Every structure is written in structure tokens, then in C-alpha cells.
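Let me begin by presenting the structure, written as C-alpha cells, before commenting on it.
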Protein chains: 2
Amino acid sequence: MVTDSDTTADGTIQLLWGLREGPTRGPKPVLSLERIAQAAVDLADAEGLAAVSMQRVAADLDFTKMSLYRYVTGKDELVAAMIDLAVGEPPTLDELPGTTWRPRIEAWVRLLAQTWEAHPWLPWVTMGDRVMGPKETGWTELSAAILAETGLTVPERMSLARMLGGHVRATMSVSTAGTQPWVNRHQAALLREHADRFPTLRSMLDGDAAPPPDYGRDFGLRVILDGVELLIAERSGRHRA
Amino acid sequence: MVTDSDTTADGTIQLLWGLREGPTRGPKPVLSLERIAQAAVDLADAEGLAAVSMQRVAADLDFTKMSLYRYVTGKDELVAAMIDLAVGEPPTLDELPGTTWRPRIEAWVRLLAQTWEAHPWLPWVTMGDRVMGPKETGWTELSAAILAETGLTVPERMSLARMLGGHVRATMSVSTAGTQPWVNRHQAALLREHADRFPTLRSMLDGDAAPPPDYGRDFGLRVILDGVELLIAERSGRHRA
DNA sequence: GACAACTGTGTCCTACGGATACTGTTTCCG
DNA sequence: CGGAAACAGTATCCGTAGGACACAGTTGTC
């Protein structure tokens, strides 16, 4: 399941970056990588990632399972193609609102979150060490371009970009059933039952503070970016001193 | 793979919270949930989560695959048991350094990260809507207790706790092979090749800024907590005004 | 027109999670 | 004290998964 070697990575790179040499000799391919990936994405959107199997994707296309292996060396490559298709082309810098890094990066987060909400399986599949496709790299490029203005160091900027992506991931895919957004009803019942062991959590259950509909995405984003601004201010202050 | 119903959740709850009524009639069980979970954790630590199958866990214990199903209704429950075993008992509040929320929550993050580093499969398995076991709930309780001091609202506190957990997750499981910590060598080669499409990323490749060994965990934590302090300060300022 | 290259198919294999029926053991109760 | 119920671990079977491999049919090239 986990691609752990170079040969696999090379294959995926060739696939995603259009480096697969198209042959000229044999019969014309009826299928295409795009059609396959699209069918897989549609399936994952509709029935979840677990429903995506070679069998099923092929069936949705009215082909045999093994025919897919002419376009994709394995399921890992299919998933990689799904990711780059689903994540889509990033916006350009001038499409973003504002002229400074903060509103721009806020918009970047918002747009990324929208994309991920449309494909709820993406958070699970974009974890760990991978080779990013061109579109996904485009999103990263955009964030890097936006954050260049901050004056942070290169590792800091990339840490921040990674952090924001992680934040989007963390503020998604949470149960909706429950009185409080941070706990599902099974957990709530358990907390009431074991109030002695978890007094703080127990007391928080009855709070009537307005639960944010986005599970704290905006709140967390504000906290992070405030921290960044503070850091910038500190450094520019030191520069002047 | 995804437990999507209540009956399953109920079963897992009973398992994790010790609510399974032990029978008294038949032959004495030779195995135990603890032994099974421990074997599974050891296996996952050594060979990765993908190596954990009922077959393999049972073989490591010199038992049949089906014998495990006497202690666990399915693999989901096994994984749930693995999580609560691997995450371990949280520290107590007075074991943490400092007396204010900031050093305490910093220590909380550090300890959680240590635990997760010891079990690199945990990030993948602790995503999404689940029922937490008692030990994992203990970690959450601790963070909630620490953050109570901040004066943030309940949803804000829990968002923050979730955020910090997400931050630990995001700053783990990254490739180590590469000149820069934020990109692996495959990606780096691609960026050099497509320098026109990704100019910002391309230019960052040659930077010689010191790559942090923790992939920006401390940096990100500082940013987040600075943001929190700023928020607290703003509100207390408004209170005075 | 032969041949090489290629696409899509059919068959087969291994491994997985899990259901079910079974054998053997323990304990309760009449 | 002895049978019967309740249990533990086993053996066998099933459906589905990813994938290897050999094949039939199609296409371009020499």
C-alpha cells in the first residue's frame, strides 16, 4: 500500500507530470488516464474512498479491471492521479483579494478548504511523504509566493504553509452529531459517566457558547496569522533598534 | 473499513472503557485484549500499520486468526485498542513544568509529539470521527484543564486543543531525504525542471537557511501560542476599557 | 503483407476481513 | 455427581481486494 521506493516514485512522477511516452504503434487507446481518474474521483466523492477499487472504477467505465493497468501501474498511481485531478488548478495571485499577504493567505486557505470539502477523502490521502502533481505543486507555489512578502526565512515560510494545510485538514472531517461540535454524542455520554476523571471536559459539555459552524477554522486561522504578524513586528522592531 | 454506525461504536466503547462483561462459565481465556493489542502495536511499530493484519497478529501470538475475534469484534476495534494502548497514560497537571498555561501546553505538545514519534502510525489512525478511549480522553482532559486558564470560550479552547494536535500531526511523517526539509528529492528535481511554473519554490531550493530538525514544530507552536496570547491581551484590554 | 507493438480480456494467484460450524473445556445447577 | 449450558480456540469456507501473466485482436511500419 505504501510506496516505499524510488522506482515507484519515478513511475508516478512520469504519470503526473506528463512524461509517459505515448506509443504510436498499436491500437488506439479507448480509455485515458483522465477518464479513469475522473471516474475514480466521482466514485470517491459519491461513496467514499473505500468504494474506490480497480474493479469498481473499471465497472463504472464499462471496462475490465485489468485494462486500467495499461494507464496506471497500480492503485497508488491511480490515487495520485485522483489527487491532482481533484485538487484542481490553483487560482493566480491576482485573483486573490487584497494586496498584502494576510488577506491573500486567508483567501488561499478558504479556497483550499472549499476544494477539500468538495472531496472529503482528500485529507486522508494527502498525508505523508508523496510526490505532488503539478496542480498541487501550483497551490504550494502560490502559498510560497504569498508568504514571500512576510520576510520570514525559507523554512519558516514552508513550515507555515504546511501548517495552514494541516489546519484545513484538522478543521474538517469531524462528526456533526452532538450538542458540542468538539465531541460526538458517544463521547459526551462517556464524559458524563466519568465526570470524576474528566472534570474539565465534563464541565465544558454544558456550556452554551455558540459553536462555530466551521469547527474553529476561522478562529485558528486568526490565531496563527496574528502570531505571524507579531513575529514580523518583533523582527522589524529589532531591525530598527 | 470506516465504522459508520452506532452498533459498531457501542461495541468499541464497551471494549475500550472496560464495559465488556467477562463471562464466568466456559474455559479460561488464554489470550487477552491487552496481549493482542500489544502484539499489534509492536508489529505496527516495527513494520508499519500495513503489516498489521489479523493473520499476522495472531501468528505473532501463536494463535489462529479467528481466535482474536473472541476478544475483538473486528479490525476496527483492534485498531481502537491499539490507539489507546499506544497513546498511553497522560501526565498529570503537576508533572508539567511551569505554573502558567503557556509552558504547560508547550510541554503537553512536546510529550504528545514524543509519544507519536514512538508510534509513527498513530497520526494516520487518529483522524476522523472516532470514539476515544480513556487514555486518549485523558490527554484531551489535560489540555482542556491547561487551557482553562486562558479565559477563552469553550469552543475556542477545544478548537485550540484540536489545532495543537493537528499541528503535531502535520509536523511529523515527512520525508527526510532532501536538501531542504520541506521537499523530497523527487520534488526538488521537478521544481528545478519546471522553474518557470514554480519560480518561488524554485528560488527557495537554493536557500541555505538552517533547516529545523523538527520540521517547524517549535516554530509553529510559537506562532500559535503568540497568537493566543495576543488574543487574550486584546480581550483583557477591552475589558479594562 | 509480415511483423512488431500495442490495447483490452480472461484466468489465476495471494492476502485480506469475516461468517459459520465445529471440538474441547470449564462451571454451574439440579 | 453428572449432565447441560456457556464458553475458548480451531478449521473451513466465502467474497473481495490488488496484481501477475498469457492471450486475442488491432494498428502502424518496413
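The values are calculated or read from the model by the stated rules, or taken from the named source; none is laboratory data. Quantities reported herein were computed from a predicted structural model and do not represent experimental measurements. Don't worry about glycine lacking a Cβ; one is built from the backbone with ideal geometry, like all the others, and counts go over all protein chains shown. For accessibility, only protein heavy atoms count, side chains too; no ligands or nucleic acids. Shrake-Rupley method; radii C 1.70, N 1.55, O 1.52, S 1.80 Å.
Checking the condition within 14 Å of another protein chain (Cβ to nearest Cβ) and more than 16 Å from DNA strand D (Cβ to nearest atom), which residue from B:ALA9, B:ALA50 passes?
Within the list B:ALA9, B:ALA50, the selection yields B:ALA9.
Of the residues making up the range A:50-97, just one is acidic (Asp, Glu), under 13 Å from A:GLN38 (Cβ atoms) and away from DNA strand C (no atom under 16 Å from the Cβ), namely A:ASP84. Filtered by the rule that a residue be open to solvent by 60 Å² or more (accessible area, probe 1.4 Å) and either charged (D, E, K, R) or in the same structural domain as B:LEU142 (by TED's automatic domain parsing) (or both), the range B:48-87 gives B:ARG56, B:ASP60, B:ASP62, B:LYS65, B:ARG70, B:LYS75, B:ASP76.
Does A:THR126 qualify as being modelled with pLDDT under 95 and either closer than 27 Å to B:ALA144 by Cβ or in contact with a Lys or Arg (Cβ under 6 Å, 6 or more places away or on another chain) (or both)? Talk me through it step by step, then tell me what you get.
Details: modelled with pLDDT under 95: yes; either closer than 27 Å to B:ALA144 by Cβ or in contact with a Lys or Arg (Cβ under 6 Å, 6 or more places away or on another chain) (or both): no.
Judged against the criteria, A:THR126 is not a match.
Scanning the range A:19-47 for residues that are open to solvent by 60 Å² or more (accessible area, probe 1.4 Å), away from DNA strand D (no atom under 11 Å from the Cβ) and outside any helix (DSSP H, G or I) yields A:LEU19, A:ARG20, A:GLU21, A:GLY22. Among residues of the range A:15-33 that are within 14 Å of chain B (Cβ to nearest Cβ) and in contact (Cβ under 8 Å) with a residue 60 or more places away in the chain, those with a Cβ under 9 angstrom from a residue that is assigned to a loop (DSSP other than H, G, I, E, B) and within 8 Å of DNA strand C (Cβ to nearest atom), sequence gap 6+ or separate chain, pair up as A:LEU15/A:TYR71. Taken together, A:LEU160, A:LEU164, A:LEU122 contain a single residue that is under 23 Å from A:ALA51 (Cα atoms), in the same structural domain as A:GLY220 (by TED's automatic domain parsing) and open to solvent by less than 10 Å² (accessible area, probe 1.4 Å), which is A:LEU122. Every condition in (1) in contact with an Asp or Glu (Cβ under 8 Å, 6 or more places away or on another chain); (2) open to solvent by 30 Å² or more (accessible area, probe 1.4 Å); (3) within 7 Å of chain B (Cβ to nearest Cβ) is met by A:PHE198 except one, and the failing one is (2).
If you take the residues in the range A:53-100 that are in contact with a Gly (Cβ under 7 Å, 6 or more places away or on another chain) and near DNA strand D (Cβ under 9 Å from one of its atoms), which one is farthest from A:ILE146 (Cα to Cα)? Can you show your working first?
So the first thing to find is which residues in the range A:53-100 are in contact with a Gly (Cβ under 7 Å, 6 or more places away or on another chain), and the list is A:73, A:77, A:80, A:83-84, A:89-90.
With near DNA strand D (Cβ under 9 Å from one of its atoms) added as a condition, the list becomes A:73, A:77.
Numbers: A:THR73: 36, A:GLU77: 30 Å.
Among them, the one singled out is A:THR73.
Within the range A:90-105, which residues are within 14 Å of another protein chain (Cβ to nearest Cβ) and either modelled with pLDDT under 95 or open to solvent by 20 Å² or more (accessible area, probe 1.4 Å) (or both)?
First pass over the range A:90-105, keeping only residues within 14 Å of another protein chain (Cβ to nearest Cβ): A:90, A:92-93, A:101-102, A:104-105.
Listed by number, the residues that qualify are A:PRO90, A:THR92, A:LEU93, A:TRP101, A:ARG102, A:ARG104.
If you filter the range A:107-119 down to residues that are more than 14 Å from chain B (Cβ to nearest Cβ) and either more than 27 Å from A:GLY18 (Cβ to Cβ) or hydroxyl-bearing (Ser, Thr, Tyr) (or both), you find that the one that is least open to solvent (accessible area, probe 1.4 Å) is A:ALA107.
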